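Undergrad: What follows is a structure written as structure tokens; I'll ask about it next.
The values are calculated or read from the model by the stated rules, or taken from the named source; none is laboratory data. Here the structure is a predicted model, which is why all the values come from computation and not from measurement. Here Cβ is always computed from backbone atoms with ideal geometry, including for glycine, and neighbour counts include all displayed protein chains.
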Amino acid sequence: MTTGYERSVSAPEHEPRPETVWHLQMPQIRCGRDAVEELAFQLADLGIDASDDPHGLVVTDETLVEIGHVDRVTAHLEDAGYDVTVWDGAEREPSIENVDGCIEFVRENEGEAGYDFYVGFGGGSCIDVAKATRAVIANGGQVLDYIAEPTGNGEALTDSGPPLVLLPTTAGTGAEISPVAILSVEEKEIKEGISSNHVRADAALLDPTFTTTLPPDVTGKTAMDALGHAIEGYTTHPFDGLLRASDPESRPVYAGRTELTEMFSEKAIELLSSNVRTAVHNGDDLEAREAMLRGALFGAIAGLTAGASLCHAMAYPVGNRYHTYHGETIAVLTPASTLGYNAASDPERFAEVAEMLGADTDGVGTRAAADLARSEYVRLQQDLNVIPSGLAELADVDEEDVDWLANQTVETQQRLLRCNPRPVTTEDATDIFRDALHNWE
């Protein structure tokens, strides 16, 4: 199967003229040390008054319960007069069945109407379960009703539901501001998303004091996901290089880069690349942790507005088949995809990325400077010493596997490939996967 480049890459229903309008939608954001102490205020600001005896659900995982972070969140809410229940069943790389379990819990305890508010607390997996649960409860039915065809029924969400506040404990996924919940479809070995502005949370609280317990490997791997968002957002299509959506409602959530998203990308790359070494090797450094959390937020604003592209498209088949962590999958694929294959799409822009990552491009031609982005990124990963050297080390992927991975990428990830700045055929994807087997020896 092959695919060609069309200027309508991001808008299936479009007019035959360039887009002229861009749109940015964000949750309310509170960021800083001890931001959790403003959670009750945030809920009240969203209309949830503790005097009305509201009942809320905290969606999280068992690890965060065990280390005491969840108690810190619930204690703050209970001290402010909020009644909360904890569901700690979120799994790593959650499946549709995992979300179904949370939805069933909600309906058994609160009926079809669900809780009065929701709090998603944890890494991207916990947050995506919280987003998907709130959305399905608000709109009725089951998860598959809102997954795109042919896997699901492709129904549109029409209601956002009661307030949802998200508290990330990792600096990586950007799920706290994303309009997408990514879920595994295990029987098909693919990942699908519920994509809608009705999935997006109402508010996000980013508190770096929750991230100091992250071990070095998780710190490094999640940071590579955040850096991927920033670089992909900086190098994808400009919004006015796409065709105009037929109406505002059909404008996609990934709609091309703008001057605003470029500024966020640049700051994200600076913060992440200059602080991740410290955060990995000295995890108690709260200043570095706070910078990482801001960098991840800025990278998400850039990449998850402008559009994630080829690297993320390739990562989903890998993650689903080999059950790898998303962040480390992005890490091993970025050199060959975003910084390798895509560099030919705009060498001048990729040369700028190389400079942001710290490469010395003085006296180097533009195309050669673009290639330095890849080598500088690999140097960063080697310094961290927690990133696999390629797909082979990550999951024992070998030459026999790349054809299947390439086919899955092109056949199931057109939503993301449409955002890529360079056309991708199955043959291209095969070559890129082969290139990603070994990033260094």
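Undergrad: Go through the residues of region 427-437 one by one and say whether even a single one is assigned by TED's automatic domain parsing to the domain that holds Asp371, surrounded by fewer than 17 Cβ atoms within 10 Å (Cβ to Cβ) and over 22 Å from Phe350 (Cβ atoms).
TA: Yes; the residues of region 427-437 include at least one that is assigned by TED's automatic domain parsing to the domain that holds Asp371, surrounded by fewer than 17 Cβ atoms within 10 Å (Cβ to Cβ) and over 22 Å from Phe350 (Cβ atoms).
Undergrad: Next up: Looking at region 387-400, is at least one residue in a loop (DSSP other than H, G, I, E, B), buried (at least 23 other Cβ atoms within 10 Å of the Cβ), among the hydroxyl-bearing types (Ser, Thr, Tyr) and in the same structural domain as Glu232 (by TED's automatic domain parsing)?
TA: No, that holds for no residue.
Undergrad: Right, another one. Taking the criterion of being in contact with a strand residue (DSSP E or B) (Cβ under 7 Å, 6 or more places away or on another chain), assigned to a helix (DSSP H, G or I) and at pLDDT below 95, would at least one residue in region 415-436 satisfy it?
TA: No, region 415-436 contains no residue that is in contact with a strand residue (DSSP E or B) (Cβ under 7 Å, 6 or more places away or on another chain), assigned to a helix (DSSP H, G or I) and at pLDDT below 95.
Undergrad: Could you give me the residue pairs with C-beta distances under 8 Å whose first residue belongs to region 76-93 and is without any contact (Cβ under 8 Å) to a residue 12 or more places away in the chain and over 13 Å from Gly120 (Cα atoms), whose second residue is polar (S, T, N, Q) and in a strand (DSSP E or B) wherever it lies, and which are 6+ apart or on separate chains?
TA: Filtered contacts from region 76-93: no entries.
Undergrad: Here are Gly365, Gly390: which of them is modelled with pLDDT of 95 or more, of a type outside the set (Lys, Arg) and over 19 Å from Thr329 (Cβ atoms)? Explain how you work it out, then say what you get.
TA: Values: Gly390 fails: over 19 Å from Thr329 (Cβ atoms).
It is Gly365.
Undergrad: Residues that are surrounded by 18 or more Cβ atoms within 10 Å (Cβ to Cβ), in contact with a helix residue (DSSP H, G or I) (Cβ under 8 Å, 6 or more places away or on another chain) and modelled with pLDDT of 95 or more: which helices (runs of 4 or more DSSP H) entirely in region 45-137 hold 2 or more of them?
TA: Working: elements: 62-66, 69-79, 96-110.
Counting at least 2 such residues, we get 69-79, 96-110.
Undergrad: Being among the charged types (D, E, K, R) and either surrounded by fewer than 17 Cβ atoms within 10 Å (Cβ to Cβ) or in contact with a Ser or Thr (Cβ under 6 Å, 6 or more places away or on another chain) (or both) is the filter here; which residues of region 234-248 pass it?
TA: Here is the first cut: in region 234-248, the ones among the charged types (D, E, K, R) are 240, 244, 247.
Result: Asp240, Asp247.
Undergrad: Which count do you get for residues in region 107-125 that are under 23 Å from Val36 (Cβ atoms) and not acidic (Asp, Glu)?
TA: Applying the first criterion (under 23 Å from Val36 (Cβ atoms)) to region 107-125 yields 115-125.
Imposing the further condition that a residue be not acidic (Asp, Glu) reduces the set to 115, 117-125.
Counting residues in region 107-125 that are under 23 Å from Val36 (Cβ atoms) and not acidic (Asp, Glu) gives 10.
Undergrad: Of everything in region 248-285, what is farther than 30 Å from Gln413 by Cα and out of contact with any Lys or Arg (no Cβ under 7 Å at 6 or more places or on another chain)? Give them in sequence order.
TA: Listed by number, the residues that qualify are Ser274, Asn275, Arg277, Thr278, Val280, His281, Asn282, Gly283, Asp284, Asp285.
Undergrad: Further question on the same structure: Any residue in region 338-359 that's touching a residue at least 40 places away in the same chain (Cβ under 8 Å): show its pairings with residues that are surrounded by fewer than 23 Cβ atoms within 10 Å (Cβ to Cβ) and part of a loop (DSSP other than H, G, I, E, B) at Cβ separation under 6 Å, as long as the two are six or more apart or on different chains.
TA: What qualifies is Asn342/Arg422; Ser345/Arg422.
Undergrad: Here's a follow-up. Could you please let me know if Gly114 is free of Cβ contacts under 8 Å to residues at least 12 places away in the same chain and small (Gly, Ala, Ser)? First the steps, then the outcome.
TA: Working: free of Cβ contacts under 8 Å to residues at least 12 places away in the same chain: no; small (Gly, Ala, Ser): yes.
So Gly114 does not fit the description; no.
Undergrad: Could you grab me the full set of residues in region 158-197 that are within 23 Å of Gly56 (Cβ to Cβ), under 11 Å from the mean Cα position of the chain (by Cα) and assigned to a loop (DSSP other than H, G, I, E, B)?
TA: Thr173, Ala175, Glu176, Ile177, Ser178, Pro179
Undergrad: Further question: Tally time: how many residues in region 357-370 are assigned to a helix (DSSP H, G or I) and surrounded by fewer than 21 Cβ atoms within 10 Å (Cβ to Cβ)? Break it down into steps so the answer makes sense when it comes.
TA: Taking region 357-370 and keeping what is assigned to a helix (DSSP H, G or I), we get 366-370.
Remaining after also requiring surrounded by fewer than 21 Cβ atoms within 10 Å (Cβ to Cβ): 366-368.
Residues flagged as assigned to a helix (DSSP H, G or I) and surrounded by fewer than 21 Cβ atoms within 10 Å (Cβ to Cβ) within region 357-370 amount to 3.
Undergrad: Also, quick follow-up: Condition first: of a type in the set (S, T, N, Q) and surrounded by fewer than 20 Cβ atoms within 10 Å (Cβ to Cβ). Now tell me which residues in region 249-272 satisfy that.
TA: Pass one, region 249-272, residues of a type in the set (S, T, N, Q): 250, 258, 261, 265.
Ser250, Thr258, listed by residue number.
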